[in-house]
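Step one of this worksheet: look at the structure below.
The values are calculated or read from the model by the stated rules, or taken from the named source; none is laboratory data. The structure displayed is predicted, hence computed values, not measured ones. Heads up, the Cβs are rebuilt from the backbone with ideal geometry, glycines too, and the neighbour counts pull from every protein chain shown. Ligands, DNA and RNA are excluded from the accessible area calculation, which covers all protein heavy atoms including side chains. Shrake-Rupley method; radii C 1.70, N 1.55, O 1.52, S 1.80 Å.
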Amino acid sequence: MPRALLWAGCCLAAAAFAVMPARAEDPPTVEVAGGGEIGGHVWSAYTNTTVALAAWLSDVPKSIREDGWRLRAGAGYWEYARRQTIWIPGLGEQSVQRKRTGSFADLLLGYQAGLGPLTLKVFAGAAYANERRLIDGYDEGSPGSFTAARVLVESWYNFTPSFFGQLDAGWTSRLDAITARGRLGYRLTPEISAGPEVGYWSAAREFEPGRDDLVRYGGFARYEWASGEVSLSGGILDNREATDFYATLNALLRF
């Protein structure tokens with residue numbers, strides 16, 4: 001397991017137990033989320049823990065569902081592997097195995113505000129990451145470890161009791177990377193909802209002008225209960241040159 005992922009996982013567990021409600025009737029003050037995605041030649045996994053800071057600052061814990069300041073710690077890992085034919089000077093065309101892996105850990109301070117039917121969360125902080133690039137097992141100019149600034153915005157809007165919208169976006173200073181995901185959902189029952197989703201990723205190229213981007217189109221199904229939720233989604237990835245299928249699994253638990 002990458003060291004950054006192991007370190008962050010220990011921090012997440014310590015934070016969760018430190019603020020866990022002492023009695024069953026106490027409101028939930030911690031939110032733990034995790035999941036993974038597979039699509040094309042890439043797979044990834046993540047986990048994060050968000051704590052209502054009022055749980056540390058007050059004798060009366062404040063629910064994670066209420067407005068207030070938040071502290072979030074997260075970690076993730078991704079891996080890209082693909083066999084390609086490339087031109088090598090002096091050797092000509094060669095079939096090689098290209099592999100890239102990356103891990104990160106971040107710490108973000110944020111605030112949640114309820115504005116009528118809109119719930120808005122804004123987080124900002126720093127991320128530490130490490131990336132390796134291999135070609136047939138040999139280093140291909142790995143950037144190694146680095147730090148970056150990170151900003152996340154998460155929003156939820158209830159159009160009606162049965163119809164909702166969700167829009168999340170993020171920015172990382174390294175390579176000016178941008179991510180976004182939007183969903184429109186309809187509650188088939190109080191617990192089950194489904195609908196379409198779209199996603200976007202863009203980052204500056206490291207060694208040449210321009211940007212790389214990726215768009216995805218799909219749908220999701222979501223099941224929720226009093227203390228958490230789980231969702232599945234899938235669809236098509238489009239990077240302008242080729243298309244692939246993707247699938248995601250995400251879960252969230254409040255306590």
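Before we move on, is Glu191 more than 19 Å from the chain's Cα centre (by Cα) and either among the acidic types (Asp, Glu) or at pLDDT 95 or above (or both)? Yes; evaluated as a whole, the condition is true for this residue.
Looking at the range 141-156, which of the residues that are surrounded by fewer than 16 Cβ atoms within 10 Å (Cβ to Cβ) and at pLDDT 95 or above is farthest from the chain's Cα centre (by Cα)? Applying the filter and picking the extreme gives Thr147.
Listed conditions (1) in a loop (DSSP other than H, G, I, E, B); (2) under 20 Å from Asn48 (Cα atoms) are all met by Ala251, apart from (1). Suppose we keep only residues that are open to solvent by less than 80 Å² (accessible area, probe 1.4 Å) and among the acidic types (Asp, Glu) within the range 204-214. Which one would you say is farthest from Ser227 (Cα to Cα)? The residue in question is Glu206.
Working only within the range 126-168, note down all residues that are small (Gly, Ala, Ser), within 30 Å of Gly195 (Cα to Cα) and assigned to a loop (DSSP other than H, G, I, E, B). Of everything in the range 126-168, just one residue is small (Gly, Ala, Ser), within 30 Å of Gly195 (Cα to Cα) and assigned to a loop (DSSP other than H, G, I, E, B), namely Ser162.
Here Tyr138 does not qualify as open to solvent by 40 Å² or more (accessible area, probe 1.4 Å), under 19 Å from Asp67 (Cα atoms) and aromatic (Phe, Trp, Tyr). Working only within the range 180-203, note down all residues that are closer than 21 Å to Gly235 by Cβ, open to solvent by 60 Å² or more (accessible area, probe 1.4 Å) and out of contact with any Ser or Thr (no Cβ under 8 Å at 6 or more places or on another chain). Leu184, Leu188, Ile192, Pro196, Val198 - these are the residues of the range 180-203 that are closer than 21 Å to Gly235 by Cβ, open to solvent by 60 Å² or more (accessible area, probe 1.4 Å) and out of contact with any Ser or Thr (no Cβ under 8 Å at 6 or more places or on another chain). For the range 220-239, a tally of residues being open to solvent by 30 Å² or more (accessible area, probe 1.4 Å) and either of a type in the set (S, T, N, Q) or touching a strand residue (DSSP E or B) at 6+ places or on another chain (Cβ under 6 Å) (or both) returns 9.
The sole residue among Ala180, Ala129 that is among the aliphatic types (A, V, I, L, M) and out of contact with any helix residue (DSSP H, G or I) (no Cβ under 8 Å at 6 or more places or on another chain) is Ala180. Answer yes or no as to whether Arg222 is of a type in the set (Lys, Arg), in contact (Cβ under 8 Å) with a residue 24 or more places away in the chain and farther than 30 Å from Ser162 by Cα. It is false that Arg222 is of a type in the set (Lys, Arg), in contact (Cβ under 8 Å) with a residue 24 or more places away in the chain and farther than 30 Å from Ser162 by Cα. Screening the range 111-135 for residues that are in contact with a Ser or Thr (Cβ under 7 Å, 6 or more places away or on another chain), without any contact (Cβ under 8 Å) to a residue 40 or more places away in the chain and more than 26 Å from Lys62 (Cβ to Cβ) and picking the one that is most open to solvent (accessible area, probe 1.4 Å) gives Arg132. Scanning the range 240-250 for residues that are of a type in the set (Ser, Thr, Tyr) and open to solvent by less than 60 Å² (accessible area, probe 1.4 Å), we see that the one that is farthest from the chain's Cα centre (by Cα) is Tyr246.
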